[in-house]
1. Hand me the list of strands (runs of 3 or more DSSP E) wholly inside the stretch 41-103 holding 2 or more residues that are under 18 Å from P174 (Cα atoms).
2. Return the residues of the stretch 54-91 that are closer than 30 Å to A5 by Cα and of a type in the set (K, R); say none if nothing qualifies.
3. Output the residues belonging to the stretch 88-107 that are of a type outside the set (A, V, I, L, M, F, W, C), out of contact with any strand residue (DSSP E or B) (no Cβ under 9 Å at 6 or more places or on another chain) and either closer than 11 Å to L149 by Cβ or surrounded by 16 or more Cβ atoms within 10 Å (Cβ to Cβ) (or both).
4. Among the candidates L132, L175, single out the residue that is under 21 Å from A61 (Cα atoms) and buried (at least 16 other Cβ atoms within 10 Å of the Cβ).
5. Which condition number in (1) without any contact (Cβ under 8 Å) to a residue 60 or more places away in the chain; (2) touching an Asp or Glu at 6+ places or on another chain (Cβ under 8 Å); (3) surrounded by 13 or more Cβ atoms within 10 Å (Cβ to Cβ) is the one that D60 fails?
6. Only one of (1) within 25 Å of A115 (Cα to Cα); (2) in contact with a helix residue (DSSP H, G or I) (Cβ under 9 Å, 6 or more places away or on another chain); (3) exposed (fewer than 14 other Cβ atoms within 10 Å of the Cβ) fails for R15. Which number is that?
7. Tell me which of these A33 doesn't satisfy, since it passes every other one: (1) in contact with an Asp or Glu (Cβ under 9 Å, 6 or more places away or on another chain); (2) closer than 30 Å to A151 by Cβ; (3) not in a helix (DSSP H, G or I).
8. Residue check: is A112 surrounded by 13 or more Cβ atoms within 10 Å (Cβ to Cβ), out of contact with any strand residue (DSSP E or B) (no Cβ under 9 Å at 6 or more places or on another chain), modelled with pLDDT under 90 and not in a loop (DSSP other than H, G, I, E, B)?
Amino acid sequence: MEAQALIVCWELGRRRHPLDRALLLHAAAEPDADCEALADRPLGERNAALLRLRSELFGDALQASVDCPACCERLEFTVSARSLLPCAAATRSAPVEHGGRRVRMPTTRDLAAVANEPDEPSAQRKLLERLLETGSLDGCSSDDLAAALDAADPCLDVSLDLSCPACAHAWATPLDLPGFLWEEIEVRVRRLLDEVHTLAHAYHWNEEEILALSGVRRSAYLQRVLA
């Protein structure tokens, strides 16, 4: 994505629901696809597409931080996007057979259908009811069925294995790929807007002219303005 396209994407998504933002980013990752059709693609495929888009925009290193759930120590760490790509290659669209039940993989549209449920257990059960193609949820553990879906597609719900250096507590934390990527885009776009503001004031160029410059040339002009 060029600088102008990145700003347009941010402008369109900044006031949208997180699910709509995720769909907007999916469309940016696959610009030739129909947006309505993307809403019905499995979440694993969406996450894989966003992971590839993220690598193209920001490179391999994902820098993040999280609080240890045991001692509240703040952990800062870096994850290689390449290390997550194997899970992207293993995305699944076929339904899952579990305990005599046939369950299809969830989509963005499915998540939107349960977004207003009052709590997570209610949302999970309603979601599984939507995904169930054969069989019944009676006598079935929702957690077990959700775990079967996660096991079938490692990109459905990406998580990171962490260990706290302060207390040695080990746990798995989810990686919200759409949310993580959106935060990075916001940081990049705000920096671009600052560059436009500075260069427009100094040289009286318009936004289109400034964003048409390569990042290297923009940086060179900024150095001269700020010197």
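1. 61-67, 74-80
2. R54, R82 - these are the residues of the stretch 54-91 that are closer than 30 Å to A5 by Cα and of a type in the set (K, R).
3. Of everything in the stretch 88-107, just one residue is of a type outside the set (A, V, I, L, M, F, W, C), out of contact with any strand residue (DSSP E or B) (no Cβ under 9 Å at 6 or more places or on another chain) and either closer than 11 Å to L149 by Cβ or surrounded by 16 or more Cβ atoms within 10 Å (Cβ to Cβ) (or both), namely H98.
4. L175
5. The failed condition is (2).
6. Failing condition for R15: (2).
7. Just one mismatch for A33, condition (1).
8. no
The values are calculated or read from the model by the stated rules, or taken from the named source; none is laboratory data. Everything numeric here is computed off the predicted structure, so don't read it as measured data. No Cβ is skipped: glycine too gets one built from the backbone with ideal geometry, and neighbour counts run over all protein chains shown.
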